[in-house]
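Since the structure comes first, as C-alpha cells, the remarks are kept for the end.
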C-alpha cells in the first residue's frame with residue numbers, strides 16, 4: 001500500500017541543495033542511470049535502484065511518466081538475500097572437514113577459516129533468490145519536500161544515500177526539534193538542546209488535552225479550526241533508551257485514566273492513534289512524537305471515477321490529501337510552540353492542562 005491505493009505510512013525529508021539547470025533533463029538521465037538492475041547468480045546481499053511507482057517491473061520508465069505536475073513520483077526497490085545462520089554453520093563445518101581430509105592437517109588456522117567462510121557465503125548467496133521490497137517516493141518540488149513510504153531507519157539510510165548519488169542533493173529528516181521557533185529558543189538560551197529532543201512528546205501530550213477541551217475543536221486562528229480526537233491506543237514513555245519506562249493505554253475509560261496518571265508521574269505521549277478533521281476532510285493515522293512519522297494514514301474517500309483511463313488525477317488527489325494531513329499537523333505544532341514559549345502558557349494553558357489531568 002502506498003501512493004496509489006490503501007493506507008500510506010511515510011516519513012518526510014527536506015531536500016538540501018540547489019536544483020540544476022534543465023532540471024527535468026537532468027532527472028531523466030540520472031534516475032535511469034540509477035534504476036534497478038537485476039543480476040543473475042549475484043552474490044550481493046543487497047541491491048537497490050529506482051523503478052516506476054505504477055509498474056514495479058518498469059525500471060527503464062518506458063511506460064510510466066514519473067513527472068506529475070509539481071511532483072516526481074517513483075519507487076525504491078531493494079532486493080535482499082539473507083543467509084540462514086544454521087545453513088551457514090553446516091556448510092562451513094562440511095568445508096572445514098573436507099579441507100582437513102585433503103590437506104592432512106589437524107586444525108584450520110584463522111586465515112583458512114576466514115577464506116572458507118567467505119567461499120561458503122558466496123556460494124549460498126549465488127543460489128538464493130532475493131526478496132524484493134518496494135518503497136514509494138513523492139518529491140514535492142516547489143516545497144523541497146520528499147515523502148518516503150518507510151519508517152525504518154536502515155531503509156531510510158539506503159534511500160538517502162541513493163538519492164544523493166542520483167541527484168547530487170542531500171536529504172534531511174524533518175524532526176520536531178528542527179523548527180525555526182525551537183532554533184531561536186536554543187540560540188537565546190531559553191531552551192536546552194536536550195529538552196528540544198523531547199518537544200514532540202510534549203506536543204502530543206498537549207494535543208491529548210486539547211482533543212478533550214472543546215470536544216476536539218482547536219482554533220488555530222479566527223475562522224481556521226480543526227477537529228482532532230485521540231483514538232483507542234496511546235503509548236506514553238518517560239526517559240530514553242535503556243532507561244525508558246513506558247505504558248500503553250488501549251481503552252476509552254479506565255485505561256485512559258491510567259494514561260493521565262502516567263502523565264502526572266512524568267511520562268509523555270510517545271505515539272497515538274488520531275482522527276483529524278479539517279476542511280471537511282477526515283483522516284485516521286498513528287502519529288509518532290519523536291519523528292512525526294505518519295503510520296497507516298487512512299485518506300478521506302475520494303470522489304473519483306474508477307472507470308477513467310488516466311490515473312494521474314487520482315494520484316494527484318491522493319497526494320493532495322496526504323500533504324494536507326501533514327500540513328494540518330504542522331499548523332497544530334507551530335500553534336503549540338507559539339503558546340508554549342509565551343506568557344500565555346504559565347498564565348493559562350499550563351493551569352488548564354493541570355486541571356484536565358486532575
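Nearest 10 degrees, 0 to 90: what angle lies between the long axis of helix 312-340 and the longest principal axis of the chain (Cα atoms)? For 312-340 against the chain, the angle is about 60 degrees.
Taking N as the number of residues in the stretch 180-357, what is its alpha-carbon radius of gyration divided by 2.2 N^0.38 Å? Could you put the intermediate results ahead of the total?
Details: Rg = 17.8 Å, N = 178, 2.2 N^0.38 = 15.8 Å.
In units of the 2.2 N^0.38 Å rule of thumb, it is 1.13.
Compared with the dominant principal axis of the Cα atoms in the chain, helix 110-127 is inclined by about 80°. Here residue 168 and residue 224 are evaluated by their C-beta separation; at R0 = 25 Å the FRET efficiency comes out at 0.05. Residue order for 82, 145, fewest other beta carbons within 10 angstrom first, comes to 82, 145. Apply 1/(1 + (r/R0)^6) to the Cβ-Cβ distance of residue 260 and residue 184, taking R0 = 41 Å, and write down the FRET efficiency to the nearest 0.05. E(calc), rounded to 0.05, equals 0.80.
Two-decimal Rg/Rh of the stretch 85-127 from alpha-carbon positions, Kirkwood Rh? The Rg/Rh ratio comes out at 0.98. A simple spin-label model places the labels of residue 82 and residue 121 1.7 nm from each other, with each point 7 Å out along Cα-to-Cβ.
Calculate the translational D of the chain in whole µm² s⁻¹ from Stokes-Einstein, where the hydrodynamic radius comes from the Kirkwood formula applied to all Cα pairs, the temperature is 37 °C and the viscosity 0.692 mPa s. Reported coefficient: 138 µm²/s. Computed from Cα positions, the angle between helix 23-33 and the longest principal axis of the chain comes to roughly 40 degrees. Out of 176, 130, 84, any idea which swings most in a Gaussian network model of the chain, alpha carbons joined below 10 Å? Of 176, 130, 84, the Gaussian network model singles out 84 as fluctuating most.
This ranking places 286, 106 by how few other beta-carbon atoms lie within 10 Å of each, fewest first, which gives 106, 286.
Between residue 339 and residue 157, the FRET efficiency estimated from the beta carbon spacing at R0 = 51 angstrom works out to 0.90.
For a footprinting-style exposure proxy, rank 263, 172 by other Cβ within 10 Å, fewest first.
Details: 263 18, 172 14.
Ascending number of Cβ neighbours within 10 Å: 172, 263.
Order these peptides, 153-163, 15-25, by their mean beta-carbon neighbour count within 10 angstrom, highest first. Kindly include the intermediate steps, with their values, before the conclusion.
Values: 153-163: 15.7, 15-25: 11.7.
Output ranking for 153-163, 15-25: 153-163, 15-25.
Between the stretch 1-72 and the stretch 332-353, the alpha-carbon centres lie 42 Å apart.
Values quoted throughout were computed directly from the atomic coordinates according to the rules given, and no laboratory measurement underlies them. These numbers come from a predicted model, not from an experiment. Glycine also receives a Cβ, built like all others from the backbone with ideal geometry; neighbour counts cover every protein chain displayed.
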